[in-house]
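Asks: Handing you a structure now.
The values are calculated or read from the model by the stated rules, or taken from the named source; none is laboratory data. This structure is a prediction, so every number in the text was calculated from the model and none was measured. Please note: Cβ atoms are built from the backbone with ideal geometry, for glycine as well, and neighbour counts cover all protein chains shown. Side chains included, ligands, DNA and RNA excluded: accessible areas come from the protein's heavy atoms. Shrake-Rupley method; radii C 1.70, N 1.55, O 1.52, S 1.80 Å.
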Amino acid sequence: MSKHYGGILNPHPYGTITTMPEGDSVFQLASRMQFLVGREVLHTDLRVASVATTTFTGETVERIWPYGKHLFMQLGERVLHTHLKMEGTWSFHLKGDRWKKPGYKARVVLAVDGTPHPRPIEAVGFELGFVRVFPLRDYPDRIAHLGPDVLGENWNPEEATKRILARPERPIGTALLDQRNLAGVGNEYRAEVCFIAGVHPATPVTHTDVSKIVDIVRRVMWANRNSPIRVTTGVRRAGENGYVFGRNNRPCRRCGTLIVKGELGGVDKGGDEGELERIIWWCPACQPRVL
C-alpha cells in the first residue's frame, strides 16, 4: 500500500509502544497525527458505551494536541479526549486494509478524507484507557485537575515545585507520578530522574531539592520529546540508554553496585485513593535512602 498520506511520509502505523506510554509518547503521537488536521470526517464509530451514539461525521479535524499523557482532538466545536493508559495504541491505514489488531480491541474508528488517495484514511484507537467527548468550551475545566504539562509550551516549573512541596512528607517518587503535580511523568522517567538527582524514590519530599528534580524532569523529557528511544545516559545503544529502569541486579553504570528493585505507593499502603503500587529501581550507593 502507499506510505504517503497528503505528503506525510509513512504516518502509519504508530505501532505498539514497547515502553510505558508517558508524556513523550503522547507528544510524538500527536505530532504524527497532524496529517489528519484539515480533513473531513466521513465515518465515526466510537465503541465505548458512554459515547457510542456520538458522531463526528461531516465535521473537520481542527486541531490535535497533547497535555501530559492525554490526547485531544478538536472536531468541529467538540473535543475527543483519549488516554493510552498501559496498552493503548493508534494505527493509521487506508480504509479496506487489514488492521494491525483485532477489531474487538478498537475503541475509536474515524474515517477521514484521504485526498490525494481515492480511499479514506482510517484512524483506529486500540485498547484506549478511556474515550470521552465534550464541548470545546469545557476544555479548561477538563484539564484543571492536572499540573503543568512537562512538555507544554507554557511549562511552569515554579507551579510544579509548589504543588509537590505542598505535601512534604510524601515520597518524592510518588509525588512525581501524581499528574496533579506535573503532567507527563511515568514510571520510567521517575526512576531515571531520581537516579540522576541522586535521591531514593521513597525519600520524603522535604529531604530533597524539589526545584532541582523538577528541572531534571523537564530537561530529560524535553531532550527525548522527538526520540523513539528514551535516552538518559547519553548513549543510544540498546541496553545502554538508561541508568536504573528495568536493570534489577545489574551493576550501576556509575559505581558498579547492583541495582535494586522494590515497590512504592499503593492505596493499601497509605497512598491516595486510586494510587497504584509501582515498581521502583535504584542504586543503594548512588541513591541512599533518607527517611
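Asks: At what distance in nm do the modelled label points of residue 290 and residue 223 sit from each other, each positioned 7 Å from its Cα along Cα→Cβ?
Replies: 2.3 nm
Asks: Working from Cα positions, state the angle (0 to 90°, nearest 10) between the long axis of helix 187-197 and the longest principal axis of the chain.
Replies: It is inclined by approximately 40 degrees.
Asks: Can you compute the radius of gyration and Dmax for the stretch 23-144, using only the Cα atoms, both in Å?
Replies: 13.4, 42
Asks: In nanometres, what is the gap between the two model label sites at residue 119 and residue 180, each 7 Å from Cα along Cα-to-Cβ?
Replies: About 4.8 nm separates the two model spin labels.
Asks: Also, quick follow-up: Assuming R0 = 22 Å, what is the FRET efficiency of residue 211 and residue 144, from their Cβ-Cβ distance, to the nearest 0.05? Intermediate values should be presented prior to the final figure.
Replies: Values: r = 24 Å, r/R0 = 1.10.
It comes to 0.35.
Asks: So how do 82, 55 rank on accessible area, 1.4 Å probe, biggest first, that is with the largest at the start?
Replies: On the way: 82 5, 55 70 Å².
Order by accessible area, largest first: 55, 82.
Asks: So in the stretch 42-187, what percent of DSSP beta bridges are antiparallel if you round to the nearest 5? Let's see the in-between values first.
Replies: Values: 34 of 35 bridges.
Around 95 percent of the beta bridges assigned by DSSP in the stretch 42-187 are antiparallel ones.
Asks: How much accessible area per residue does the chain have, counting only protein heavy atoms and a probe of 1.4 Å, in square angstrom?
Replies: Numbers: 13620 Å² over 291 residues.
Accessible surface, normalised per residue, equals 47 Å².
Asks: Could you give the nm distance between label points at residue 267 and residue 249, where each point is 7 Å from its Cα heading toward the beta carbon?
Replies: 3.3 nm
Asks: Carbon and sulfur atoms: what percent of the 1.4 Å accessible area of the chain do they account for? If you can, show how the numbers build up before the last one.
Replies: Numbers: 6870 of 13620 Å².
Ligands and nucleic acids excluded, carbon and sulfur reach 50 percent.
Asks: Cα centroid distance between the stretch 239-266 and the stretch 125-201, in Å?
Replies: 23 Å
Asks: Per 10 Å bin, what percent of the C-alpha pairs of the chain does each bin hold, from zero upward?
Replies: Reading the bins upward from 0: 6, 26, 31, 21, 12, 3, 0.
Asks: Which value in deg cm²/dmol, rounded to the nearest 500, describes the helix-derived mean residue ellipticity at 222 nm for the chain, given -39,500 (n - 2.57) per DSSP H run of n ≥ 4 and division by the residue count? Write out the running numbers ahead of the final one.
Replies: On the way: 6 runs with 54 residues, N = 291.
Per the formula, -5000 deg cm²/dmol.
Asks: Using a Gaussian network model of the chain with C-alpha springs under 10 Å, which one of 228, 204, 171 is most mobile by mean-square fluctuation?
Replies: It is 228.
Asks: Provide the FRET efficiency to the nearest 0.05 for the residue 47-residue 277 pair, computing r from the beta carbons and using R0 = 22 Å.
Replies: With R0 = 22 Å, the Cβ-Cβ based efficiency is 0.10.
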